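Let me begin by presenting the structure, written as structure tokens, before commenting on it.
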Amino acid sequence: MKSCSTNFLRTILWGTLLLVWAVYPVWGAVVIDRIVAVVNREIITQSDLDLAAISDGRTRLEEGQVISDEDSSFYQKKILGLMIEEKLILQEARRKGIGVSASELDFALSDIERQNKLPDRASLKSAVAQENIAWDRYVNDLENRLIAMKLINLEVESNMVLNDAEVQAYYQDHPERFKLSNRIRLRQILFRVSEASTAAQVEDIRLKAEEVLAEAKKNTAFIGLVQRYSDGPEKREEGDLGFFNKGDLADIIDQVVFNLREGEISPIVRTPMGFHIFKVEKRQEGRLRPFDRARPEIEEIIISEKREHLRRKWLDALWERSFVEIK
């Protein structure tokens, strides 16, 4: 059995917008707010929701995405749902006594500095200030993120178990995901042309390549021709270039060699390197990637699916045992 639990600092909140409504300050005169949701004993106001929508909308606009007026109502409902879940998560963390130590908070800040290539804490504070975010608020929001990550790690990550039977079953049930493309093994005779070669010299080399191709077509041993005529470094390997998938080679070569049968010899192919004669030594039709090579990808897929299922199940249970009223 294999545990899927990970370090809480590496766990993410899978789409939640932690505390975004607290990121941007409220401008203008104080107005009487209306309550849009009650989450146990905490409230979410219209201004909270508006600020969250502005914050997320600003990010989307920076990515070139625009939220239309007709989508605005649906979009705000979606954000309100996320905000409610965020409150439920933090309330549950408080109920379980989950907190963050000063050393954990400092480690997280140092990690942010490293990821953003900032030399020290003063540089991070300066970057935060440029976003019009108060440092105390930034640290408080980060602390809440870490608390939420700890809780989700406790409730979700630690309950995920992966076994061999699941991995084997996924491999057998999804063969199309692990099918390798057709590939061929090539040998080559290369007649190299240098940049300094004159037109007459290039023509002489081409004519020599034509003569050797004619010999190859008469069933003269290809490896013997490689050893006698090839200018390529693979001559030491009897012209063996190894296996290639379609698309691995230059288009002009790809289009020729992948239309050849096993054992067939190509016409002369001209490239900037010179003149090439290829032989398809072996063709391997698409086959399944070996299980051992596919296993890491399968485990990642199953873990991701289990994580989302358990997270949603846990959040649904949290909703059910809480008082949530949407006005």
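Annotations
- When each of the peptides 185-192, 245-252, 80-87 is scored by the mean number of other C-beta atoms lying within 10 Å of its residues, the order from highest to lowest reads 185-192, 80-87, 245-252.
- Here the Karplus relation 6.51 cos²θ - 1.76 cosθ + 1.60, evaluated at θ = phi - 60°, turns the backbone of segment 274-283 into coupling constants of x, 10, 10, 10, 10, 10, 7, 6, 7, 10 Hz, with x for every Gly and Pro.
- Built amide H within the under 5 Å cut-off of ARG287, gap 5+: LEU180
- Burial ranking of peptide ranges 140-151, 283-294, 41-52 (average Cβ count within 10 Å, highest at the top): 140-151, 41-52, 283-294
- Number of Lys pairs (Cα under 16 Å; 8 or more positions apart or on different chains) in segment 181-284: 7
- GLU203 versus ARG283: modelled label distance in nm, points set 7 Å from Cα along the beta carbon direction: 3.8
Read-outs: derived from the displayed coordinates by stated rules, not from any lab. Small disclaimer: the values here were computed from a predicted structure and weren't measured. For neighbour counting, all protein chains shown are included, and Cβ atoms are generated from backbone atoms with ideal geometry for every residue, glycine included.
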